[in-house]
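One structure is given below, encoded as structure tokens.
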Amino acid sequence: GAVVSQHPSWVICKSGTSVKIECRSLDFQATTMFWYRQFPKQSLMLMATSNEGSKATYEQGVEKDKFLINHASLTLSTLTVTSAHPEDSSFYICSASRAGLAGANHNEQFFGPGTRLTVL
Amino acid sequence: GENVEQHPSTLSVQEGDSAVIKCTYSDSASNYFPWYKQELGKRPQLIIDIRSNVGEKKDQRIAVTLNKTAKHFSLHITETQPEDSAVYFCAASYPNDYKLSFGAGTTVTVRA
């Protein structure tokens, strides 16, 4: 149980285009999803927290108009990188939490496999 | 916000020896401390976690200790094997917003 998928696993796009990444919890309801960015040989940096049915909460320094997050259902959150530039090239990882659900380990996050974005 | 520091950044051990990674956190309100193992290009995998009401937890060759007073926690891997080679991250989480703050990571290399 507690499987999280991401699609696509990798994407190459031209500068100026937009890219959408999907994060799905396959066998549980995710009240909260998190989006991270990880540059080579660095740690995971939290970009935003996404709660189903409400606006995402962005971390300081993350442009909400550039990184659009939608959490339309308890099993799907999407991250859209708008007008992508080479400096947006990174490994984007989502995680899902069952926080708020009865009986759940509220702190544990289940990670997706990540999406490698390369902007030319 | 929470600030997690992790040391060392790299660690090379002989197969069969022990490896210890240490982390400190800044906010005494943090109450959940997971450790993740990440192989190149893969997702972080939870290997062990500990809550603030427990001082130590062990799972086979892996153990974690927590000192709430000093605000530090450590990962201990005994009898290391080549497949333990990876990047290890510690993290800390608040009780209310469930966000994880990650340490910078430790690259562990187990020499055969």
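The values are calculated or read from the model by the stated rules, or taken from the named source; none is laboratory data. Note that the structure is predicted; figures quoted are calculated from it, not measured. In this analysis, Cβ positions are derived from the backbone assuming ideal geometry, glycine residues included, and neighbour counts consider all displayed protein chains. When the accessible area is computed, the model is the full protein with side chains, heavy atoms only, and any ligands, DNA or RNA have been set aside. Shrake-Rupley method; radii C 1.70, N 1.55, O 1.52, S 1.80 Å.
A few points about this structure:
- Within segment B:64-75, not a single residue is part of a helix (DSSP H, G or I) and open to solvent by 40 Å² or more (accessible area, probe 1.4 Å).
Yes or no, residue by residue, for (1) away from every other protein chain (no Cβ under 11 Å); (2) touching a Ser or Thr at 6+ places or on another chain (Cβ under 7 Å); (3) open to solvent by 40 Å² or more (accessible area, probe 1.4 Å):
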| residue | (1), (2), (3) |
| --- | --- |
| B:41 | no, no, yes |
| B:59 | yes, no, yes |
| B:84 | yes, no, no |
| B:91 | no, yes, no |
| B:96 | no, no, yes |
| B:111 | yes, yes, yes |
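- Set side by side, the residues A:72, A:56, A:2 differ, and just one is on the phi > 0 side of the Ramachandran plot and among the hydrophobic types (A, V, I, L, M, F, W, C), which is A:2.
- Of all the criteria given as (1) buried (at least 22 other Cβ atoms within 10 Å of the Cβ); (2) more than 14 Å from chain B (Cβ to nearest Cβ); (3) touching a residue at least 60 places away in the same chain (Cβ under 8 Å); (4) not hydrophobic (A, V, I, L, M, F, W, C), the one not satisfied by residue A:20 is (1).
- Filter pass, residue B:55 being over 27 Å from residue A:114 (Cβ atoms) and either surrounded by 15 or more Cβ atoms within 10 Å (Cβ to Cβ) or free of Cβ contacts under 8 Å to residues at least 24 places away in the same chain (or both): yes
- Residue among B:3, B:31 that is within 10 Å of chain A (Cβ to nearest Cβ) and not aromatic (Phe, Trp, Tyr): B:31
- Output for segment B:31-59, where each listed residue is among the polar types (S, T, N, Q) and within 15 Å of the chain's Cα centre (by Cα): B:31, B:38, B:45, B:52
- Exactly one residue out of A:90, A:97 is small (Gly, Ala, Ser), closer than 22 Å to residue B:37 by Cα, open to solvent by less than 10 Å² (accessible area, probe 1.4 Å) and at pLDDT 95 or above, and it is A:90.
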